1. Quick one: how many residues across segment 94-140 are touching a Gly at 6+ places or on another chain (Cβ under 8 Å) and of a type in the set (K, R)?
2. Test S131 against the stated conditions and say whether it is closer than 29 Å to G52 by Cβ and touching a Pro at 6+ places or on another chain (Cβ under 8 Å).
3. Please specify each residue of segment 33-59 satisfying the condition of being crowded, with 17+ Cβ neighbours inside 10 Å and closer than 22 Å to S167 by Cα.
4. Can you find even one residue in segment 178-193 that is over 25 Å from M229 (Cβ atoms), out of contact with any His (no Cβ under 9 Å at 6 or more places or on another chain), open to solvent by 80 Å² or more (accessible area, probe 1.4 Å) and not acidic (D, E)?
5. Can you tell me which residues in segment 172-188 are touching a residue at least 40 places away in the same chain (Cβ under 8 Å), more than 16 Å from the chain's Cα centre (by Cα) and part of a helix (DSSP H, G or I)?
6. What helices (runs of 4 or more DSSP H), lying completely within segment 1-47, carry at least 3 residues that are within 21 Å of L136 (Cα to Cα)?
7. Could you check segment 69-171 for helices (runs of 4 or more DSSP H) lying wholly inside it with 3 or more residues that are touching a Phe, Trp or Tyr at 6+ places or on another chain (Cβ under 9 Å), open to solvent by 40 Å² or more (accessible area, probe 1.4 Å) and modelled with pLDDT under 95?
8. Just to be sure I understand the filter: pairs with C-beta atoms under 7 Å, separated by 6 or more residues or on different chains, first member in segment 209-226 and within 9 Å of L81 (Cβ to Cβ), second member open to solvent by 80 Å² or more (accessible area, probe 1.4 Å). Which pairs pass?
Amino acid sequence: LYVDFFILGFFVSSWDLGVYAEASILARFFLLVPVSIKPIFRHRYTLMTAQGEFQRASLTFHRTTKIMFYLQSLLALFILLHFPEVLHTFYHTRGEELLSYKLFAVLVPGLIFFAAVTSQESVYEAREQISALKKLALGIAVINIMLNIYLVPFAGVFGAAAATMISMLTYFLVFDLYLDKTHKIKKMSYLLAGAGVYLIYMLMRTLNFGLIIDLLLSPVILFLLFAFMGF
């Protein structure tokens, strides 16, 4: 998913590339927790599979995927609502905040879906389907490269952001392609939940409660929405 930096270097100025890197690296912060906890899931899924607890493994898979989606959605919601403050915490900016925000907003939809499933890749390892996981990774890599080559010359940094977002969303959609029926993800419920996150963002941005209130209120509102949706 880092091929966008390489391709962008041929078509945009160093300033635009720097702004894109700023937004992109901040967006990839979402992957810190999912990637970090992969060894935990690898141990759990391998142990449950070895003990023949397939139903338990399936329930754990679905539950943890939804929890990760909730946490990533919450993080996205807070960063979008207070993007300038978050940006200034990590970077010394020079007037590029609006462009950086727009790029981040393009990347976020793909990130919250991708982050929800990337931590669950260990289920393939536990079921000894590593070759299937490799096929998925290779397929997404090819799609990402082709999208970047096609979109970057026409849309610059926004083309790269769109290519990355589409690639991550595609990975979510095909993640369970080689898994059995008990591990199939109800993708429509996730997509509806994502739409709900967007509606909450629009509502809270309009009401503009402030940083502290948003920090306290957004977990509750998001949880209640997901509960009401049966998610």
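The values are calculated or read from the model by the stated rules, or taken from the named source; none is laboratory data. None of the values given here were measured: they were computed from a predicted structure. Don't worry about glycine lacking a Cβ; one is built from the backbone with ideal geometry, like all the others, and counts go over all protein chains shown. Note: areas computed on protein heavy atoms with side chains; ligands, DNA, RNA excluded. Shrake-Rupley method; radii C 1.70, N 1.55, O 1.52, S 1.80 Å.
1. 0
2. In short, no.
3. Scanning segment 33-59 gives a single hit, P34.
4. Checked against the condition, which is being over 25 Å from M229 (Cβ atoms), out of contact with any His (no Cβ under 9 Å at 6 or more places or on another chain), open to solvent by 80 Å² or more (accessible area, probe 1.4 Å) and not acidic (D, E), segment 178-193 yields at least one hit.
5. T182, H183
6. Details: elements: 3-8, 14-28, 32-36.
Here the list reads 32-36.
7. Numbers: elements: 83-90, 97-118, 122-126.
In segment 69-171, 97-118 are the helices (runs of 4 or more DSSP H) which contain 3 or more residues that are touching a Phe, Trp or Tyr at 6+ places or on another chain (Cβ under 9 Å), open to solvent by 40 Å² or more (accessible area, probe 1.4 Å) and modelled with pLDDT under 95.
8. Going by the 7 Å Cβ cut-off, the qualifying pairs are L211/E85.
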